[in-house]
Every structure is written in structure tokens, then in C-alpha cells.
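Below: the structure, in C-alpha cells.
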Amino acid sequence: MATSRSSRASRRPGARPRESLRASSSIRQASSHAIRRARRATENWVVHNVGFQDVSVATEAKTTVDSSSVYRLANGAPSGEVAICRLGSTFHLLRRLDGEAEWTEMTSHDDPAYPPYDRPDLPDTLQVGIMANAFSSPDILARFDYVHFTRPTSIEDCVANLPLE
């Protein structure tokens, strides 16, 4: 997995990182990208994925603190784009499924049941990457069309269309 330093923009010394990771995926099982701190005795990470979620096709937004997870599942298409956008210590998780024109925030200040994940415990430099997982079968097929790294300054920057390279 790459660290946040592997994004296209360089970071000023001492500056708080503002990361945005967007990936497009098409998969039979769940595929996603994750942001996590270096391995410790307990797990601390944020993950966002789209695909088969144990019993249904959905998008998952999850935060894990000291190996204890809180997550949201939202049913939808089995493929599309997912984004994790870090603004300071806050992580916004967004999706745009196949056939949708607009981004939907899975974590939102407008929805008190699913607020953005505030993670001041996570350091400036994190491991960032894509992943694929299977719930019940050892066989898995995952395809990722692209991954983009940007440095947003607002939630609007997180959902701005990035050119494919």
C-alpha cells in the first residue's frame, strides 16, 4: 500500500494533509480502497467499498478504531466509483454508482445518523491503497479502472471530476 506521500502533489513540511482518493471498480465481490495507520496491536482504519456485502449488493462506509468498527450499508448497483476525502481529521465517504450522474455522500453533516468520520487519532501519513475481499469464496475477481490522488480544500473539491489519464 502507498502512503499519503505517494500522491501527485507534494506536502509542505508541517502542513496538515488533505487527501482525496477515488477509485472506480467493477467486481463480483466487494472491492474498495482503504486508509489506515501503520500496523499496531489494534486496527485503526477507514474503508469504503462497493459490491457484494455478505448478503446483498451494497456500498459500505466503515471506520474502525482500536479494532471496533462502525459502518453503514446502502443498497445499490454492484459497481461504480467510491471516494474517501480527508479534510483535516475528517473523512467524507462518497459514491457514484454506475448509472448515477451525481455523487452521494455516505457520511454527511446533513444526516446525524451517519456523520463524517472524525479521526484525530490518525496521523498525517497513512497507508492508502485499493483492496479486494471475498466473504465466502476463496475465488475472487476484482478490476480497478483507476485510482486518483488529489489535495482537496473543500468537500466540493472531493467530488469534482478528475480527468482520466
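Throughout, read-outs are computed from the coordinates displayed, never taken from laboratory work. Source: prediction; values computed, not measured. Glycine gets a Cβ as well: all are built from the backbone with ideal geometry, and neighbour counts include every protein chain shown.
Here are the numbers:
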{"item": "Isotropically averaged projected area of the stretch 79-165, using the convex hull of Cα atoms (one quarter of hull area), nm²", "result": "7.8"}
{"item": "For S67, S89, S136, S79, order by how many other beta-carbon atoms lie within 10 Å, fewest first", "result": "S136, S67, S89, S79"}
{"item": "Ordering of 44-57, 100-113 by burial proxy (mean other Cβ atoms within 10 Å per residue, highest first)", "result": "44-57, 100-113"}
